[in-house]
1. Could you go through segment 330-347 in sequence order and give the Karplus-derived ³J(HN,Hα) for each residue, using 6.51 cos²θ - 1.76 cosθ + 1.60 with θ = phi - 60°, rounded to whole Hz, and x for Gly and Pro?
2. Out of all DSSP beta bridges with both ends in the chain, state the antiparallel percent to the nearest 5.
3. Charges at C-beta only: +1 for Lys and Arg, -1 for Asp and Glu. How large is the resulting dipole of segment 351-416 about its Cα centre, in Debye rounded to 20?
4. Accessible area, 1.4 Å probe, largest first: how do Glu157, Glu44 sort?
5. So if I place +1 on the C-beta of Lys and Arg and -1 on the C-beta of Asp and Glu, and nothing else carries charge, what would the dipole magnitude of the chain be about its Cα centre? I want it in debye, nearest 20.
6. Along the charge dipole of segment 322-459, pointing to its positive end and built from +1/-1 on Cβ of Lys, Arg, Asp and Glu, which listed residue (Val408, Ile458, Gln390) has its Cα farthest out?
7. Round to the nearest 10 and give me the degree value, 0 to 90, for the angle of helix 266-275's Cα axis relative to the longest principal axis of the chain.
8. Rounded to the nearest 20 Debye, what is the dipole magnitude of segment 158-309 about its Cα centre when Lys and Arg each give +1 and Asp and Glu each give -1 at the C-beta?
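The values are calculated or read from the model by the stated rules, or taken from the named source; none is laboratory data. Predicted model only: the values in this text are computed from it and were never measured. Positions of Cβ are backbone-derived with ideal geometry, glycine not excepted, and every protein chain shown enters the neighbour counts. SASA here: full protein model, heavy atoms, side chains in, ligands and nucleic acids out. Shrake-Rupley method; radii C 1.70, N 1.55, O 1.52, S 1.80 Å.
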Amino acid sequence: MPQPSLKIDNARYAITVDRERRIIAGASILVEGGRVARVGKAAELAGARADRVIDARHLVVTPGFFNGHMHISYAHPVRGIFPDDLGSPLAHVFKLQMAMTEEEEYAASLLGIVELLKSGTVCFVDPGSTKFPDACLQAYEDSGIRVILGECVTDREAPFPLPRFATNEAISRTASFLEKWHGRLDGRLRAWAMPFSPESCSADLVRAMKRLADEHRTGLTLHHGSGPKARQEYQAQHGLSPTAYLESLGALGPNVVLAHALGIDDAEIDCIARTGTAVAMCPITAAKGARGIAEHGRMPELLARGVNVALGCDSPNNCNHLDLVRAMNMAAIQYKDARQDMRQIPAETALEMATLTGARALGLGDELGSIEPGKKADLVLFDIQRPEWQALWNPVSNLVYNADGRSVHTVIVDGRVVVDAYRQSFVDEASLFVKVQEIGERLQARTGVSFPRSRWPIV
Ligand SMILES: [Zn+2]
């Protein structure tokens with residue numbers, strides 16, 4: 001049966017992110033066969049008929065959002081348990097993550113997806129957190145979201161419990177993962193190679209991961225950081241900076257996404273730009289984790305060099321929300337403050353990172369990321385009948401500086417309406433919330449990872 005057609009009629013604005021970056025006032029969009037067939041002024045599309053018409057007079061349309069680094073899995077059931085003065089929670093994080101059962105991970109992932117979709121994210125990269133993709137497949141399928149998955153592998157000792165294998169086993173596991181998963185769900189599911197970090201993986205493993213990504217014409221992502229201390233250590237061990245070390249392994253390139261990438265210096269930026277490597281930055285995690293954007297954040301320089309920078313929300317226990325609109329807001333404001341320069345990261349640039357630039361970073365820019373004829377129809381419709389959207393003169397400014405993901409009204413992925421007037425229909429939210437809370441209780445009891453619940457007495 002052919003997919004029903006859809007017309008978004010007379011939107012107050014469509015922010016297309018097309019080549020000319022047109023913002024069309026009074027815009028209509030015709031979606032046929034899951035793709036944008038036409039986009040233009042409502043009058044131009046007046047004769048266009050569709051199976052379903054959405055009256056968009058009070059809606060602003062944007063392309064769907066891409067979350068380039070988002071650990072789904074363990075965190076939702078225990079979100080908020082880490083006290084502010086804990087320091088690095090990583091040892092606890094991996095203990096909790098390794099303790100998840102199939103059923104628990106499925107429920108937590110489902111909740112994550114509800115939160116992602118309802119705030120406008122149509123595609124996310126899970127950097128290897130999911131332990132049970134077979135169990136979670138149903139959640140991806142039912143929700144209609146796009147997902148980039150991989151199995152986290154390491155072959156070296158790490159300061160926290162990560163999945164560790166013999167080098168050859170890590171390679172063969174990744175090869176079978178790519179073969180099994182890449183391209184499923186009509187191409188909505190992509191599988192990438194996911195070595196955790198260069199510190200936890202041998203040179204041989206990193207090289208082999210990149211080779212597998214190339215052979216399978218897919219991507220690779222890993223955690224990457226630099227800074228004076230790391231540069232010193234890498235210099236002593238390899239005679240290179242952390243980024244130059246990756247380049248020396250042949251592990252950089254357009255199908256590689258470096259996550260976080262804080263603390264890189266000019267030479268490392270040059271290396272990233274020269275090799276066409278992409279970066280996923282998590283502005284809220286960086287701020288909440290006191291990572292020192294003024295000293296270590298180089299987003300403006302990466303963008304100025306034409307690097308495809310995606311935004312990420314990291315984990316629901318770092319960022320803690322999954323709202324790309326808030327991530328855009330943080331990206332647009334934190335560099336202004338850090339550099340004491342209001343020209344840094346304009347609102348338009350923040351929106352580009354969440355849409356077209358983010359899609360390009362994930363290798364999806366030809367098919368997604370903007371509202372143009374021929375591209376896949378992934379769209380977000382914002383409800384402007386809300387106080388935070390008033391008054392409305394510049395919709396990009398309103399979106400990035402006033403609004404957040406809670407004004408997402410309707411979300412379309414591959415031409416299918418997956419959030420319809422604030423509602424999704426793939427899971428009963430009330431019972432899911434109860435289940436996830438119970439999982440959190442069991443998980444803390446089972447692992448012994450728990451903390452005083454609040455600095456204030458809960459009576
Ligand atoms: Zn991460």
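1. Once θ is set to phi - 60°, the couplings for segment 330-347 become 5, 4, 6, 9, 5, 6, 4, 6, 4, 9, 6, 8, 5, 7, 5, 6, x, 3 Hz.
2. Numbers: 27 of 60 bridges.
Restricted to the chain, the bridges split so that about 45 percent are antiparallel.
3. Values: 6 positive and 9 negative charges, 19 e Å.
Dipole magnitude for segment 351-416 comes out near 80 debye.
4. Working: Glu157 140, Glu44 115 Å².
Ranked from most to least accessible, the order is Glu157, Glu44.
5. On the way: 50 positive and 55 negative charges, 117 e Å.
Using only the charged Cβ atoms, the result is roughly 560 debye.
6. Ile458
7. Orientation of helix 266-275: about 60 degrees from the principal axis.
8. For segment 158-309, the charge dipole is close to 460 debye.
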